[in-house]
Each structure stands twice: as structure tokens, then as C-alpha cells.
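Please treat every number below as a calculation from the coordinates, not as lab data. Just so it is clear, the model here is predicted, and its values are computed rather than measured. Glycine also receives a Cβ, built like all others from the backbone with ideal geometry; neighbour counts cover every protein chain displayed.
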Amino acid sequence: MLKKKSATRGIKVPENKLTEHNPIEPLPLPQKVIIPMQQHIGAPCELIVKRGTKVKTGEIIGKAGGFVSAALHATISGEVSGTTKIINHATGHLTDAVIITSDGEDNWVQTEPAGDPENISSQDILNLVSKAGIVGMGGASFPTQVKLMPPEGKNIDTLILNGCECEPYITADHRLMLEQGGKILLGLKLVQKVLNPDSIFIAIEDNKSDAITHLANLICEMGMQDNFKIVPLKSKYPMGGEKTLLTTITGREVPIGGLPLDVGIVVHNVSTVKAIYDAVYEDKPLIERVVTVSGLVNEPKNLLVRFGTPISALIDYCGGMKENANKLILGGPMMGIAHFDLNFPILKGSNSILIEHAAPIIESNCIRCGRCVYACPMHLLPYMYVKYAKTHNYNACQDAYIADCIECGSCSFSCPANIPIVEYIKTAKSELNKKRTRK
Amino acid sequence: MTPEKNFMVSTSPHIWKGKSSRSIMNTVALTLILPAGASIYYFGIRAICIISAAILSSIVTEYAIKKLRGRKFVMDGSALVTGLLLALTLPPTLPIWMVVIGSVFAIAIVKEAFGGLGYNIFNPALGGRAFLSICFAREMSTWSLPTYFSLSTDAITTATPLAMDIADKTAMYKDLLIGNIGGSMGETCAILIIIGGIILISVNIITWHLPICYIGTVALFSFILGEDPVFSVLAGGLMLGAFFMATDYVTSPITNWGKVIFGVGAGIMTVVIRLFGGMPEGVCYSILFMNALTPLIDRYIKPTPYGFQKESAK
């Protein structure tokens with residue numbers, strides 16, 4: 001294990017890890033699932049089943065729509081009862097979605113676990129990952145097989161496994177590391193085979209000391225102490241963001257407008273790596289994930305949920321919402337998206353459902369205290385973006401590197417004047433996008 | 001079955017730190033009670049009258065102006081702090097009606113006419129004091145020795161220490177530190193101001209950069225130019241100005257390096273005005289001068305964005 005590292009910028013958030021001692025429970029299968037065709041970055045899937053088709057769990061229902069895309073599979077067995085359009089909660093656009101009604105059983109497709117997973121070739125690993133439709137499960141949902149195939153000329157020398165989970169309330173990755181640590185490490189070995197990096201770091205925040213100890217013991221048992229190095233990190237938000245993470249561990253900085261690939265680093269989430277294990281060792285496609293349900297519910301839990309399950313099913317299983325709850329958040333309290341519809345389905349990137357109570361915020365004048373500047377992990381000037389956005393001067397926002405903003409929310413959190421800085425930044429970014437696409 | 005609910009939808013983040021502008025202003029006001037208490041101890045009834053008059057007229061002026069502009073008036077503590085700071089820069093013999101005029105000018109012209117909280121360029125309390133110095137020069141330069149709650153409101157007038165000749169240095173330093181000398185109301189007890197400043201730094205309301213650089217530059221420059229550095233630092237309104245006036249969020253630079261430049265610039269100006277200018281006190285005008293330069297400092301002193309140097313190397 002390496003010495004503890006910490007980041008210079010960022011903020012201290014209240015941790016509220018209510019569910020860190022709750023083991024993962026499988027949620028009973030829902031009656032009906034709604035699966036949108038776009039749950040990842042890149043081209044939406046092409047539907048290959050039609051209304052009335054009977055499908056088995058794990059059967060492919062959507063083909064990857066291009067190179068940067070991921071396949072979709074049926075998450076329950078039953079009949080395709082129709083298609084619908086639902087609003088993508090992140091972009092606000094409508095996407096097609098498939099509705100599958102359950103047949104009451106959980107019939108799986110035929111799976112062929114790999115015969116000799118220790119000696120499988122990289123190309124076979126990539127094919128299995130692609131077939132399983134794996135995307136980044138930390139929230140960004142980038143198709144994993146693309147991330148495992150760095151372009152020509154980019155030499156990857158460091159692989160970082162991201163087990164930080166810096167947002168308050170969320171404990172999905174924490175419980176996964178405690179209960180399925182062995183599978184995660186075997187999946188990490190597969191990624192190591194494909195990318196062949198010089199060093200591999202496992203990044204875990206210090207508020208998960210039991211996970212650190214558990215993984216350290218497993219690594220010793222597997223005999224991989226020389227290859228996998230655990231790096232404990234001082235808990236700070238946003239330590240889990242890949243740019244802050246890789247700078248804290250390696251000291252390198254991703255160039256403006258670039259990717260971690262440009263400095264020879266690839267970062268993967270623990271859930272993604274465990275899904276890679278499932279795809280290769282058990283030929284299981286990506287159909288479920290761990291979701292933390294927390295906040296103002298009567299029994300906060302960590303649940304194993306099939307994609308497409310409506311949120312109402314999770315909340316009912318957790319004892320229902322408390323009386324004073326008035327906010328439904330998909331994700332964590334810092335970067336999550338507030339939603340209004342309890343029938344919205346769980347997607348590949350949904351790591352948490354949070355029920356909160358919030359009072360309306362009253363914005364007052366910026367007093368130029370500079371707390372937003374000190375908090376920003378990307379070393380930007382959030383108060384300037386607010387000033388420019390208020391006067392519609394979006395070009396000035398662009399010149400001030402607004403594209404680098406990761407929308408982590410550290411600035412809004414620290415603002416004593418209650419200015420919703422991230423809202424101004426998102427507005428400015430969407431105006432700049434509109435201008436770019438209009439040209 | 002979960003009942004139907006109307007959910008509130010707003011952008012992330014959905015939690016806030018909880019520290020508000022008002023709580024910051026209130027903390028500053030609380031630490032200002034230390035020098036204000038010292039001034040009441042030394043100057044008695046007059047101090048109480050001047051402080052109350054300044055605070056009341058600041059708040060009333062802000063209420064009136066906000067109503068005139070059609071804005072909502074919120075007791076966010078900024079008018080309270082402005083009034084209190086203005087009171088602490090005034091001589092204890094100043095007639096109350098002049099104090100009121102100073103407050104009105106500070107709030108109505110220096111703060112609200114420029115746009116209100118967050119938009120003013122100059123420190124309102126210092127702007128009010130500068131206005132009073134120009135309009136009522138004689139009354140503003142009448143300093144008195146401490147009268148210690150004597151019921152007579154007459155005071156023995158004397159010059160401020162900066163315009164005096166000093167015989168016994170150590171006794172003078174001790175008097176300067178605990179405040180047993182004449183001067184404006186807040187200038188007197190340096191120890192309490194330092195304690196107040198340390199409190200503000202320890203709760204992260206101000207950083208150490210501006211006050212330390214300001215005071216350090218004054219000490220260094222006066223030493224280079226042949227003056228006694230300890231005396232230069234302890235006498236006059238430097239302590240109050242460095243810890244409470246110059247560090248005002250709205251009128252000082254945002255980045256730490258910017259604050260250093262502000263402190264050094266104000267320090268040089270203070271020494272120059274004291275030694276070569278016609279006035280005994282340079283703190284007020286040097287801070288106002290650097291306030292004018294703050295937007296320029298903020299324009300050029302910015303943190304390097306993450307990943308920037310790599311771009312120029314590409």
C-alpha cells in the first residue's frame with residue numbers, strides 16, 4: 001500500500017454514508033421495464049426486436065449504433081410490449097425506449113463462460129466486452145471497449161481503478177469492493193492484459209478503511225502485491241473525478257481539451273471492471289448494477305437492480321419516502337439531476353437514488369469573497385462565469401475556459417451568497433453549444 | 001404504493017455549505033466589538049454616541065435607498081459593519097450631525113450609487129471618512145486624549161501621536177499597544193485589533209496575506225526611510241485598516257497573489273503619504289487608492305487553469 005495522498009483543491013462535504021454497512025440486496029424483478037436506446041455517450045442503439053417478440057434475460061435487443069456506442073440487452077424475460085419516448089434526464093431530449101413486460105420467470109439466454117479465462121487473448125476480451133454492452137458505470141457511461149482501445153500512438157503507462165466514491169450518501173462501489181472484491185481484482189487483471197500498463201493504482205478514499213484492508217488482503221492472497229498498488233486518498237470532493245484523481249496520484253495534468261489518454265493514463269470505475277469480469281468469466285451481459293437508495297427513505301439500502309426498473313419500485317422496497325421529502329435526485333447531491341417522475345427507469349449510469357428535502361434558494365449579490373475560486377478543482381474563476389452569463393457575454397465565458405468546467409458543484413456549495421453558479425455555467429455552455437451547432 | 005408527489009426540480013448541487021453572507025458580516029461585526037469596546041472604555045459616552053449614530057444612520061440610509069430603488073431591504077449586516085468601521089475611524093470629539101452625514105455619504109454614494117453590495121469599487125467606510133476629512137477638516141483633525149467615562153463631554157485636545165515628538169520609546173510602545181494615547185476611536189488599542197484579526201483568520205473569513213503584507217511593507221519601508229518601524233506600525237489607523245478595512249471582500253483582489261500586491265502597494269502609499277505628504281495619516285487614502293487598482297489586479301492575476309501549461313507546450 002502506498003502513502004496517503006491528498007488533493008490541493010476541492011471541498012469538504014458532509015459524508016452521510018447511511019448505507020455503508022448495508023449489504024447489497026437483490027431487488028425483486030419488476031413487472032415491466034422501460035429501456036431507453038441511449039444510455040451511453042455516443043450513437044443511440046438500433047432496435048432489433050419488435051412488438052410482440054418474446055425475449056429472454058440477457059438477449060440482445062439493441063445493436064451498437066456505431067463505433068462509439070454500446071449494445072443493449074433485455075434485463076428481464078418476457079415480451080416486448082411496445083416502444084415509447086422518454087426524456088433523457090441529462091440532455092432534456094426525447095429518446096426511444098423499449099417496454100418489456102415480464103413473464104414472471106427469469107429465463108436466461110444460453111451463456112458460454114470462457115473456457116480458460118487466465119489465458120484469453122486481448123482481442124477476445126475486447127469482443128466479449130463489446131458483446132456485453134459495457135459502459136463506464138461511474139456515471140459518465142462511456143462505451144468501455146472504446147476506452148480499452150487507445151488510438152495509435154498513445155502509450156498507456158498507468159491504469160487507475162477508481163474506487164473513490166467521493167459524493168455523499170453513495171455507497172454502491174464501497175459495498176461492491178467489500179462483497180465482490182475478488183471479482184473486481186480478476187477483472188482488473190483482464191484490463192491489465194488488454195492495456196499492458198507499467199503501473200496499476202487502486203484509488204480508495206480513506207473513509208472506506210474496511211474496503212482498503214479487504215482489498216489489500218485479497219491482493220496478497222492473489223500474489224499481485226507487486227502489480228496492484230492501493231493508494232489511500234484523503235476524503236475530499238471531487239476526488240473521484242478522473243482529472244483530480246490522476247493529478248493527485250501521478251502529478252500529471254491533462255492538457256486543456258484533452259483526455260487522460262494524452263498523458264498516458266486510463267481510469268476505470270470498480271463497477272465497470274466487475275462487469276468486465278462478468279462478461280469474460282461468465283458471459284453475462286450488462287443487465288444490472290448496484291444502486292444506493294438513501295436520504296429521506298424509511299430504510300436506506302444498497303440494491304442490485306436490473307436496468308429499466310422504475311424508481312418507484314426501489315423506493316417502495318425501501319419503505320417509502322418520509323413525509324417531508326420533496327426532491328428526487330438521480331445520482332449524488334453534488335452532481336445528481338433532480339427529477340419529477342417516479343416512473344423513470346434505472347439506467348446504466350444510475351448509481352444512486354436520493355430523496356431529499358430542500359427549501360428554495362434565495363440568491364443574493366456576489367460579494368467577491370473568492371470561495372468559489374479556492375474550491376474549483378480545475379482552477380477556474382466561477383464568479384466570472386456568473387458575471388458574464390448575466391450579461392449574456394458567452395464569448396467571454398469561452399475565452400475563460402468554461403469548457404473545462406466539470407460541473408462538480410464545489411463552487412455553488414461554497415458560495416455564501418447562495419448563487420446557483422452551476423446553473424449559470426450550464427446555461428452558458430448550452431448557449432455556446434447552440435451557437436456552435438447553428439454555424 | 002408511493003403516493004403522488006410534486007417534486008422540486010432544480011440544478012445541482014442540491015446541498016449548500018450553510019455559511020451565508022449575513023453570518024460572515026455578523027462574525028466581522030462581533031470581532032469589531034473588541035476595538036469598539038476599547039474605544040468606549042477610553043472615550044466613554046462620546047464613543048457610545050458616535051458608534052450608535054453611525055450604525056443607525058447607515059442602516060436607515062440603506063433602507064431608504066433600497067426603497068427608492070425599488071429593491072428589497074435585507075438586514076445582511078453590511079450596513080452595520082460599515083457604520084461601525086466608520087465610527088472607529090472618527091475622532092471622539094466629532095459632532096454627531098457630522099457623523100450622520102458621513103454615514104449617509106458612505107452608504108448612499110460610495111455603496112449604493114455604484115450598484116449596492118458587491119458592486120462598489122471603494123470601501124464605503126473609508127469613502128465616508130475621506131469625505132468628512134475634506135468637508136470638515138478642522139473637526140476631523142482634533143484629537144483628544146482618553147477621557148475614561150468622565151461625565152464631562154469636553155476633552156483635552158492634542159495632536160495624534162504621528163504628529164508628535166517622542167521622548168521615551170518603550171513607554172510609548174506600551175501606550176500605543178494598549179491604547180492609552182490620543183487618536184481616532186479605533187486606532188487606540190492595537191492588541192485587541194490584532195486579536196480580532198487573528199480570530200478572523202482562524203475562522204477563514206480573511207486570509208493572512210493582505211494584513212501581513214500591508215503591515216510588513218509599512219514596517220520595512222519606514223525602516224528603510226529612517227523611521228522607527230514599530231512606531232509606524234502601531235500608531236495611526238494601520239492596524240484597523242490592515243485587518244478590517246483593506247480585507248473587505250468586495251473591494252480587494254480575489255486571489256492570494258492579488259492580495260499580496262494590494263498589501264504591498266497600500267504599504268508603500270501609506271509610508272509615502274505619511275512622510276512626504278501633508279497629512280499625518282496615510283492609511284485611509286492608500287487603501288482607497290488600491291481599491292481603484294483592484295479590478296486591474298484581478299484582470300491580470302488569475303490562477304492558471306488546470307492543464308494550461310501543457311497547451312502552450314504542445
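Hey, got the dipole for the protein assembly as shown? About the Cα centre, +1 on K and R Cβ, -1 on D and E Cβ, debye to the nearest 20?
Numbers: 66 positive and 60 negative charges, 343 e Å.
For the protein assembly as shown, the charge dipole is close to 1640 debye.
For a quick check of your reading of the filter: which trypsin sites (Lys or Arg not before Pro) in segment A:309-367 sit in a DSSP loop and have no more than 12 other Cβ atoms within 10 Å?
Values: sites: A:322, A:327, A:348; in loops: A:322, A:348.
The qualifying sites are A:322.
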Using alpha carbons only: equivalent-ellipsoid semi-axes of segment B:21-300, gyration tensor based, whole Å: 27, 24, 17
Viscosity 0.692 mPa s, temperature 37 °C: give me the Stokes-Einstein translational D for the protein assembly as shown in µm²/s, with Rh taken as the Kirkwood radius over C-alpha pairs. 112 µm²/s
Rounded to a whole number, what is D in µm²/s for chain A from Stokes-Einstein with the Kirkwood radius over alpha-carbon pairs (37 °C, 0.692 mPa s)? 145 µm²/s
Which FRET efficiency, nearest 0.05, do residue A:399 and residue A:67 yield, Cβ-Cβ r, R0 41 Å? 0.80
Spin-label point model (7 Å from Cα, Cβ direction): what's the residue A:122 to residue A:196 distance in nm? 0.5 nm
Per-residue Cβ counts within 10 Å, from other chains only, averaged over A:368-376: what number is that? 6
Count, for each residue of A:327-333, the Cβ atoms from other chains sitting within 10 Å of its Cβ, then give me the mean as a whole number. 4
With the dipole of segment A:196-287 defined by +1 on each Lys or Arg Cβ and -1 on each Asp or Glu Cβ, the option from A:270, A:232, A:202 whose Cα lies farthest towards the positive pole is A:232
Expressed in Å to one decimal, the Kirkwood Rh of segment B:1-120 from all distinct alpha-carbon pairs is 16.3 Å
Final fewest-first order of A:290, B:272, B:218 on the 10 Å Cβ neighbour count is B:272, A:290, B:218
Listed peptides A:243-250, B:264-271 by packing density, highest first (mean Cβ within 10 Å): B:264-271, A:243-250
Just going by the charge dipole of the protein assembly as shown, with Lys and Arg at +1 and Asp and Glu at -1 on Cβ, which of A:255, A:65, A:362 is farthest out on the positive end? A:362
For segment B:189-266, what class follows from the C-alpha gyration tensor (a ≥ b ≥ c being the square roots of its eigenvalues): rounded when a/c is under 1.5, otherwise prolate if a/b is larger than b/c, else oblate? oblate
For segment A:248-389, the spread of Cα positions along each principal axis, largest first, Å: 48, 46, 23
Rounded, prolate or oblate: which fits segment B:208-314, taking a ≥ b ≥ c as square roots of the Cα gyration tensor eigenvalues, rounded meaning a/c under 1.5, else prolate when a/b beats b/c? prolate
Please identify the trypsin sites (Lys or Arg not before Pro) of segment A:156-209 that satisfy two criteria: DSSP loop assignment and at most 16 other Cβ atoms within 10 Å. Which are they? none
For the protein assembly as shown, share of DSSP beta bridges that run antiparallel, in % to the nearest 5: 60 percent
Using a Gaussian network model of chain A whose springs link C-alpha atoms within less than 10 Å, name the residue from A:349, A:251, A:320 with the highest mean-square fluctuation. A:251
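With +1 assigned to the C-beta of every Lys and Arg and -1 to the C-beta of every Asp and Glu, and no other charges, what is the dipole magnitude of segment B:21-300 about the Cα centre in debye, to the nearest 20?
Computed about the Cα centre, the dipole is about 860 debye.
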Given points 7 Å out from each Cα along the Cα-Cβ axis, report the residue A:221 to residue A:110 separation in nanometres with one decimal. 3.5 nm
The local net charge around residue A:45, scoring Lys/Arg +1 and Asp/Glu -1 for residues other than residue A:45 whose Cβ lies under 10 Å from its Cβ, equals -1
Please compute the alpha carbon radius of gyration of segment A:335-419, then divide it by the globular-protein estimate 2.2 N^0.38 Å. Two decimals is fine. 1.30
Suppose every Lys and Arg Cβ carries +1 and every Asp and Glu Cβ carries -1, with no other charges. What dipole size does segment A:171-251 come out with about its Cα centre, to the nearest 20 debye? 160 debye
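Please give me, ordered by residue number, the trypsin sites (Lys or Arg not before Pro) of segment A:117-170 that lie in loop per DSSP and have at most 15 other Cβ atoms within 10 Å.
A:154
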How much mean residue ellipticity at 222 nm does chain A get from its helices, if each DSSP H run of length 4 or more adds -39500 (n - 2.57) and you divide by all residues, to the nearest 500 deg cm²/dmol? -8000 deg cm²/dmol
Would you work out which of B:229, B:102, B:267 lies farthest towards the positive end of the dipole of segment B:21-300? Charges go on Cβ: Lys and Arg +1, Asp and Glu -1. B:102
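When a/c is below 1.5 the answer is rounded, else prolate if a/b is larger than b/c, else oblate, so apply that to segment A:207-286 with a ≥ b ≥ c taken from the square roots of the Cα gyration tensor eigenvalues.
Details: a/c = 1.88, a/b = 1.28, b/c = 1.47.
The shape class here is oblate.
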Report the label-to-label distance for residue B:276 and residue B:10 in nanometres (one decimal), using points 7 Å from each Cα along the Cα→Cβ vector. 5.4 nm
